[in-house]
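First the structure, in the form of structure tokens, and then the observations on it.
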Amino acid sequence: MAKFVHTPYTISVHDLMYSPGAHREVELDIVVPEKLGEGMIAVPAGAPMHVDLRLESVHEGILATAEVDVTAVGECGRCLDPIEQDLQVEFQELFAYSVDEAFDFSVHEDHVDCEPLIRDAVVLALPFQPVCRPDCAGLDSETGQRLAEPRVLEPEEPSDPRWAALREFGLEKDN
């Protein structure tokens with residue numbers, strides 16, 4: 001059996017083990033050790049994360065209920081402006097005393113490791129197409145200018161003199 005590795009997400013539950021009804025609340029302030037997410041928005045390594053955790057002993061193991069607060073950074077999927085988005089995610093999971101296929105997580109020695117739970121909850125809460133604001137108009141497909149900004153009209157390019165005779169017919173462009 002592999003040795004249990006302690007991380008910033010590891011919490012001792014020695015005082016709660018095999019005492020159904022006992023509970024404890026824990027606040028964790030974690031510096032995110034590695035980037036969470038890979039899309040247009042993610043939680044960067046080194047970002048502060050606050051976790052309010054309630055640990056409760058039940059007959060089968062330790063029930064962990066958590067609320068995670070963290071800020072994700074990235075860029076708007078429409079206009080590519082940099083954005084920051086505050087995330088608040090919640091989860092509840094049972095850490096079983098026995099290592100059984102019926103349970104995804106278990107108590108190791110006298111500790112629980114919330115890292116996979118926190119990572120999964122945060123990554124799943126990240127928006128797939130983040131926007132700077134709900135009504136973001138994005139970019140103009142021809143000029144690449146932001147549609148929310150006033151358009152800067154470029155001077156009309158001189159036309160090819162070989163086509164000048166056609167202008168004499170008085171043809172106007174359809175709008």
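The values are calculated or read from the model by the stated rules, or taken from the named source; none is laboratory data. For clarity, every value in this text was computed on a predicted model and none was experimentally measured. Positions of Cβ are backbone-derived with ideal geometry, glycine not excepted, and every protein chain shown enters the neighbour counts.
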> Does P130 satisfy being at pLDDT 90 or above and not small (G, A, S)?
Replying inline: yes
>> Which count do you get for residues in the range 65-90 that are of a type outside the set (G, A, S), closer than 10 Å to V51 by Cα and touching a residue at least 40 places away in the same chain (Cβ under 8 Å)?
In response: 2
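A quick yes/no check of all residues on (1) more than 24 Å from the chain's Cα centre (by Cα); (2) surrounded by 12 or more Cβ atoms within 10 Å (Cβ to Cβ); (3) part of a loop (DSSP other than H, G, I, E, B):
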position	(1), (2), (3)
I11	no, yes, no
M17	yes, yes, yes
V26	no, yes, no
A45	no, no, yes
M49	no, yes, no
>> Based on this model, can you work out whether L63 counts as touching a His at 6+ places or on another chain (Cβ under 9 Å), in a strand (DSSP E or B) and under 20 Å from D104 (Cα atoms)?
In response: yes
> Which residues, taken from the range 99-119, are of a type outside the set (V, I, T), touching a residue at least 12 places away in the same chain (Cβ under 8 Å) and not in a strand (DSSP E or B)?
Replying inline: F103, E109, D110, C114, E115, L117, R119
